[in-house]
1. Given a 1.4 angstrom probe, what's the average accessible area per residue across the stretch 25-149, in square angstrom?
2. Would you kindly compute the Cα radius of gyration of the stretch 155-201 and its largest Cα-Cα separation (Dmax), both in Å?
3. Determine by what factor the alpha-carbon radius of gyration of the stretch 117-187 differs from 2.2 N^0.38 Å, reporting the quotient.
4. Please work out how much length the chain gains when fully extended from residue 177 to residue 60, using 0.36 nm per residue of separation minus the C-alpha to C-alpha distance, in nm with one decimal.
5. Treat each spin label as a single point 7 Å out from the Cα along the C-beta direction, and report the residue 89 to residue 170 distance in nm.
6. Can you give me the distance in nm between label points at residue 4 and residue 78, each placed 7 Å from the Cα along the Cα-to-Cβ direction?
7. Please compute the contact order of the chain in relative form: average sequence separation of alpha-carbon pairs under 8 Å and at least six residues apart, divided by the residue count, as a percent.
8. Please give the direction-averaged projected area of the C-alpha convex hull for the stretch 86-204, in square nanometres with one decimal.
Amino acid sequence: MDLSMAVMILASGLIHMYAGVLLFSGRDRRNPWQSKDNVIANTPDKNIFASGILCLLAGSFWMMPLYYLAKLPTFTGMVAFISFALFVLSCTVFHVAAGFALYAYKKDQTGDNPTQNIIKIYALVYIFWAAVYSLAMMSLGLSGVLDMNAFHYLTLPLPAILIIQLGLGVKLRKTAYFTDISGTLAVMVSLLSTVNIMVSNQIQ
């Protein structure tokens with residue numbers, strides 16, 4: 001179960017990364033000064049729609065670790081279970097909503113795009129549930145319910161997002177496609193880490 005789950009999470013993560021590349025496929029990698037408006041204008045509509053469909057498909061597989069999290073004891077374990085589900089859900093909604101916002105802005109570039117404010121709210125919700133799940137797992141580790149090492153703590157969603165998406169994402173922004181996939185990479189690392197924590201603690 002654990003190996004097949006890890007393989008499916010990895011495969012769905014690669015699909016999600018491709019969805020991220022499609023969402024900003026209008027980006028000219030040879031032009032570091034390309035404007036946001038130009039990126040949006042050059043992104044085909046079909047790529048935006050395909051990105052959302054692939055994201056929904058991939059995101060459904062990211063719920064698989066709930067199989068393990070449902071077996072965690074204590075109230076904190078229940079918080080971890082619920083917050084993980086909401087973290088994955090908010091991540092998927094954020095990506096799909098970003099596609100809708102990009103499409104709306106592309107069709108009506110008359111100034112400020114009001115949907116951008118909605119995207120910011122979705123992003124905050126995504127970060128919030130990542131933080132709640134991370135804190136719940138840290139609590140389970142520090143209280144001795146779960147045996148976790150330093151790598152496990154660093155690859156929980158919130159630290160992974162800070163290190164990979166916000167840290168490396170900015171540092172390697174000139175690297176082709178890395179900015180497009182950094183968010184998905186952070187989530188995928190945290191999901192695989194969750195499976196590893198559960199398996200290493202013999203939660204079956």
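1. Numbers: 6760 Å² over 125 residues.
On a per-residue basis, 54 Å².
2. Expressed in Å, the Cα Rg and Dmax of the stretch 155-201 come to 11.7, 40.
3. Values: Rg = 13.9 Å, N = 71, 2.2 N^0.38 = 11.1 Å.
Relative to the rule-of-thumb radius for its length, the stretch 117-187 sits at 1.25.
4. Values: separation 117, 0.36 × 117 = 42.12 nm, distance 2.36 nm.
Length gained, residue 177 through residue 60: 39.8 nm.
5. Those two pseudo-labels are separated by 3.2 nm.
6. Here the answer is 3.1 nm between the modelled labels.
7. Values: 238 pairs, mean separation 51.5, N = 204.
Relative contact order of the chain: 25 percent.
8. Numbers: hull surface 34.1 nm².
Computing the convex hull of the Cα atoms and averaging its projections yields 8.5 nm².
The values are calculated or read from the model by the stated rules, or taken from the named source; none is laboratory data. Because the structure is a prediction, the values reported are computed rather than measured. Don't worry about glycine lacking a Cβ; one is built from the backbone with ideal geometry, like all the others, and counts go over all protein chains shown. Surface areas here come from the heavy atoms of the whole protein model, side chains and all, with no ligands, DNA or RNA. Shrake-Rupley method; radii C 1.70, N 1.55, O 1.52, S 1.80 Å.
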